[in-house]
Amino acid sequence: MKVKFIFFGLFFLSYVLYSQTKEIQLDAIYERGTYALKEPSGFNFMKDGLHYSQSVGSKIMKYNIKTGISESVLFDSKSDLNGILYNKIESYKFNFDESSVLLETEPSQIYRYSKSGVYYVYNLNSKKLTNLYFSKKIMYPSFNPKGDKVAFVYENNLYIQNLTDNKIDQITKDGAINSIINGASDWIYEEEFSVTRAFEWSPEGDQIVFLKFDESEVEDFKLEYYTGQVFPEDYTFKYPKVGEKNARLSVWNYNVMKRKLKPIKIGIREDDYIPRIQWTQENDKVCITWLNRSQNYLKLILVNTKTSSFKTLLEERNKYYIEIQDNLRFLKNGNFLWTSEQDGFNHIYFYDSNGSLIRKLANGTNEVAEVYGLDKREVTVFVQFAENRGLRRHIYKLSLENGAKTNMTKTEGTHQLLASLGMQNFLLSSSTISSPPMYRIVDSNGIEQIVLENNFEIQDKLKEFGTSKVDITSIQNRTNVDLNTIIIKPNTFDVNKKYPVLMFCYGGPGSQKVLDKWDSFGFFWWFQMLAQKNYVVCIVDNRGTGGRGQEFKKMTYLQLGKLETEDQIDVARYLAKQRYIDSSRMGIFGKSYGAYIASLCLLKGNDVFKAAIAIAPVTNWKWYSSVYTERYMRNYKENQNGYEENSPINFADQLKGNLLLVHGLTDDNVHFQNTVEMASALIKNQKQFDTYFYPNQNHDLFGQKVKFHLFTKMTSFVLEKI
């Protein structure tokens, strides 16, 4: 009797606790920001190594690194400028000696990363405010090393404004919309090579090297914006698709004192890419990264801007493809660091100034994920490694002398750095799959100085809303490969009950959604809401994803979609066999590349999947961009079977379940064309489907109203169709 009482008491307590658990609401996620993380806003390390700055309201405050106590107000737009820019400043950046600050206002987004804005320079000593280029909207303003000049791009031309006398020097005059771009990127370099600003000051600030894009022969692509006018507003831009012409690039050097412009020659070129330009620490030497169109042959070319001579510093070939990275670091003596997958895993290599290998700094299956930089003495490099089959990220110090490794982050999870000048201090972000990020300032040994944000409020909300545990596990595919997997089960999970499943995938080359990192998959609270509604959520990193070496990542080469789809279907079939899964109620959701895979899964796996949500899917790679698609698939003529055998439009006749297609009408990345062609194929095969489209919305479907609207539909679709 006593035992029964205890059991009942525990059961009753459990019931009471659960019944008091708050229900996660969709508007709280996407409208009210109830579960939003806190991050250090407007954070910058200061060059003295003793302080950092942060934006607080109208002020830029100076804080002590060891105590976190504010020591002074560096700038206050409300008082220093008599409220001229009050509440208009979006971001700020100091010049090198921190005597002036660049202020950004009125930003306008162009594509995913590019933007224009109205910029000002405020001199902290003289209290003088200078507006850049008559307060017109410009792009990428950048201080020279001395801080007395700012270079920027306006209407596709490159300019320099002298802050001493406000004189403006127009470097180029041939810039024209949809024709010539100087110092800024075209669409495809921005999207696929992460290039926005395409100019760089020399170390002494007497030269600028920049890229000129001639996109006059690139095909136009047109978007239509619906603004309530009689006719839609057309927007035309250059978008090179698979096998079509890319912009022709040239590299130019401008001598600031002589006001002389000259082209930089790097040898015979034809249909190639120049994805990076980077000065060495020597004032007249700049490194040009050259890549062939197939993206399997790369050269680092060292150019002497004074003599116009050049030499190949390093060559690399790959049987698959070479991905562009930002891990090149030059030392004062001309030696350099470079990361490469040449041994099958991304490792860091140390070369002398002639390009001869000194040593490889690490071995094994743990890959270099990011290089942060060198210490002042240039004897230590700070690196992030992917470990445990790519599941974790740790920060190490590596000795250039012998490759000795020192772990700065011994706790589990994922650790990321923002470094100060000379690597004296770092802003360290640390999180796990179950704990939100903590932001701390640490020294070069990883020793904590102060905590800036701990996000304890989110920890409290996890308890308050009774969130489910997020488990990392692995599930084998048909070839017995272990696939990193996340499983979220209802908090009231009962192995004797049957639960529907929603799988989420991205799965693109080198990507990762399964990490020991807070919300690595991006939909934490929505998935928790579905778990409260008794759904099991599953996230799988299929073959082709990152963190596990070149062969795992690149096995999808020339056949994008095939192995990824097989893996997602294999995991679904494994789950369907579990006693607690309702195998008749299994769905899958994805966005962009994930939408492409989700569509294929519903079509090719129509015996296991009942429904799919595809947001902005690629439905045939021949409609996508040249750089991305050709990197992994070559062009259509070279690999027609690879394209057609894994294109959702070719399997529209196999649709048996419920499909929701979603797309932004002004998606400049994955064009609405993909969804229209998919709809045509489905209609041709007399297949019913749902569709949601968003006017004047790009690939990301930004904005609270849009997201709340979209996820309202997605939630009802899941509840009704799965």
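Some points to look at:
- When the residues of region 539-579 are filtered to those that are among the hydroxyl-bearing types (Ser, Thr, Tyr) and part of a loop (DSSP other than H, G, I, E, B), the one that is nearest to Cys505 (Cα to Cα) is Thr545.
- Tabulated pairs, region 297-309, first under 12 Å from Gln278 (Cα atoms) and in contact (Cβ under 8 Å) with a residue 40 or more places away in the chain, second among the acidic types (Asp, Glu) and surrounded by fewer than 18 Cβ atoms within 10 Å (Cβ to Cβ), C-beta under 7 angstrom, 6+ apart or interchain: none
- Of everything in region 666-679 that is of a type outside the set (A, V, I, L, M) and touching a helix residue (DSSP H, G or I) at 6+ places or on another chain (Cβ under 8 Å), the residue that is surrounded by the most Cβ atoms within 10 Å (Cβ to Cβ) is Asn674.
- Number of positions in region 343-396 that are free of Cβ contacts under 8 Å to residues at least 24 places away in the same chain, of a type in the set (A, V, I, L, M) and either under 19 Å from Ala419 (Cβ atoms) or touching a Ser or Thr at 6+ places or on another chain (Cβ under 9 Å) (or both): 1
- The residues listed here are Lys360, Lys299; of these, the one that is surrounded by 16 or more Cβ atoms within 10 Å (Cβ to Cβ) and touching a Phe, Trp or Tyr at 6+ places or on another chain (Cβ under 8 Å) is Lys299.
- Scanning region 518-539 for residues that are under 22 Å from Arg579 (Cα atoms), touching a helix residue (DSSP H, G or I) at 6+ places or on another chain (Cβ under 9 Å) and among the aliphatic types (A, V, I, L, M) returns Leu530, Val536, Val537, Ile539.
- Qualifying residue in region 384-399 (condition: more than 12 Å from Lys517 (Cβ to Cβ) and among the small types (Gly, Ala, Ser)): yes
- Per-region count, region 488-512, residues of a type outside the set (S, T, N, Q), farther than 27 Å from Thr21 by Cβ and part of a loop (DSSP other than H, G, I, E, B): 5
- Complete set of residues in region 463-475 that are crowded, with 18+ Cβ neighbours inside 10 Å and either basic (Lys, Arg) or within 13 Å of Tyr35 (Cβ to Cβ) (or both): Phe465, Thr467
- Listed by position, the strands (runs of 3 or more DSSP E) inside region 61-150 whose residues that are among the polar types (S, T, N, Q) and either free of Cβ contacts under 8 Å to residues at least 40 places away in the same chain or out of contact with any Phe, Trp or Tyr (no Cβ under 8 Å at 6 or more places or on another chain) (or both) number at least 2 are 70-76, 100-109, 115-123, 129-131.
- The listed residue being open to solvent by 30 Å² or more (accessible area, probe 1.4 Å) and within 20 Å of Pro145 (Cα to Cα), out of Tyr113, Tyr120, Tyr92: Tyr120
- Residues in region 188-206 that are open to solvent by 10 Å² or more (accessible area, probe 1.4 Å) and outside any loop (DSSP other than H, G, I, E, B): Glu191, Glu192, Arg197, Glu200, Trp201.
- Some residue of region 274-289 being open to solvent by less than 30 Å² (accessible area, probe 1.4 Å), without any contact (Cβ under 8 Å) to a residue 60 or more places away in the chain, in a strand (DSSP E or B) and over 30 Å from His415 (Cβ atoms): yes
The values are calculated or read from the model by the stated rules, or taken from the named source; none is laboratory data. Everything numeric in this text was worked out from a predicted model, so none of it was measured. Cβ sites come from the backbone with ideal geometry, for glycine too, and all protein chains shown count toward neighbours. Only protein heavy atoms, including side chains, enter the accessible area calculation; ligands, DNA and RNA are left aside. Shrake-Rupley method; radii C 1.70, N 1.55, O 1.52, S 1.80 Å.
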